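S.K.: I'd like to ask some things about the structure below.
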Amino acid sequence: MSKKPPKAKKQARTAELIEARVLREREWCWAAYVAGYPYPVIRTMTILPPSEGGLGYPLDVTAIKALVAEHRAEQGEIIGTREERIERRQMRLDQIALDAQAAMRTARELETIDVHAAKVLLDVMAAEGKMHGDDAALRIEAEVTTRDGVLDELNASLAVLGMDPVEKVE
């Protein structure tokens with residue numbers, strides 16, 4: 001005759017399973033969020049079977065946002081250092097650039113021009129330049145119109161003495 005586990009043990013086991021499932025969902029949602037997917041896309045991805053990278057069941061966008069927020073709160077300042085943020089942003093820009101380049105290659109094979117892909121690639125280049133500080137002006141033209149303070153004091157002293165002021169030699 002088999003004994004059933006006591007009710008408390010069964011409830012504890014159920015709570016452990018639920019906790020493990022929530023932890024898995026939270027890690028999965030966080031990974032998708034960090035990969036740069038928007039919440040509606042993450043919701044669609046949850047339906048995919050685990051063999052295809054999904055969870056195998058749907059999650060609501062509100063639940064996904066809550067799981068991401070829980071992960072962030074648990075980890076503390078998850079954003080990381082400036083270098084880590086730049087690295088993550090650069091990885092996203094690299095992926096966008098690769099996709100745009102692939103679209104342009106496809107268009108070239110079809111003997112057409114993909115204007116949208118070219119614009120995206122230019123936008124990525126501008127964003128990278130701004131992020132890395134390479135977008136600074138290459139040439140600066142300026143006209144300096146200041147006067148030396150010492151020369152002003154000298155001329156004021158000469159004026160008190162009744163003498164002619166000294167002009168700045170250029």
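Laboratory data are not the source of any read-out in this text; all were calculated from the coordinates shown. Owing to the predicted nature of the structure, the values given are computational and were not obtained by experimental measurement. Please note: Cβ atoms are built from the backbone with ideal geometry, for glycine as well, and neighbour counts cover all protein chains shown.
S.K.: If each residue of separation counts as 0.36 nm, what is the full-extension length gain between residue 157 and residue 13 once their alpha-carbon separation is subtracted?
M.R.: Fully extending the segment from residue 157 to residue 13 adds 42.5 nm.
S.K.: Using Cα pairs closer than 8 Å and at least 6 residues apart in sequence, work out the relative contact order for the chain, in percent. All intermediate terms of the calculation are to be shown ahead of the outcome.
M.R.: Numbers: 97 pairs, mean separation 19.1, N = 170.
Normalised by residue count, the contact order of the chain is 11 percent.
S.K.: Then there's this: I'd like the per residue volume of the convex hull spanned by the Cα atoms of the chain, given in cubic angstrom. Provide the component values of the computation, followed by the final result.
M.R.: Numbers: hull volume 44.8 nm³, N = 170.
Enclosed volume per residue, from the Cα hull, is 263 Å³.
S.K.: In a Gaussian network model over the chain where Cα atoms closer than 10 Å are linked, find which of 86, 64, 140 has the largest mean-square fluctuation.
M.R.: Evaluated over the chain, the most mobile residue of the options is 140.
S.K.: Assuming 1.306 mPa s and 10 °C, estimate D for region 56-119 with Stokes-Einstein, Rh taken as the Kirkwood radius over Cα pairs, in µm²/s.
M.R.: Rounded to a whole number, D works out at 105 µm²/s.
S.K.: Considering the dipole of region 1-126 built from charges on the beta carbon (Lys and Arg +1, Asp and Glu -1) around the Cα centre, which of 95, 120, 36 is farthest to its positive end?
M.R.: 36
S.K.: What is the Cα centroid distance between region 107-165 and region 86-106, reported in whole angstrom?
M.R.: 30 Å
S.K.: Which angle between 0 and 90 degrees, to the nearest 10, do you get for helix 82-109 versus the longest principal axis of the chain when only C-alpha atoms count?
M.R.: The answer is roughly 80 degrees.
S.K.: Could the peptides 46-53, 97-104 be put in order, highest first, of the mean number of other beta-carbon atoms found within 10 Å of their residues?
M.R.: 97-104, 46-53
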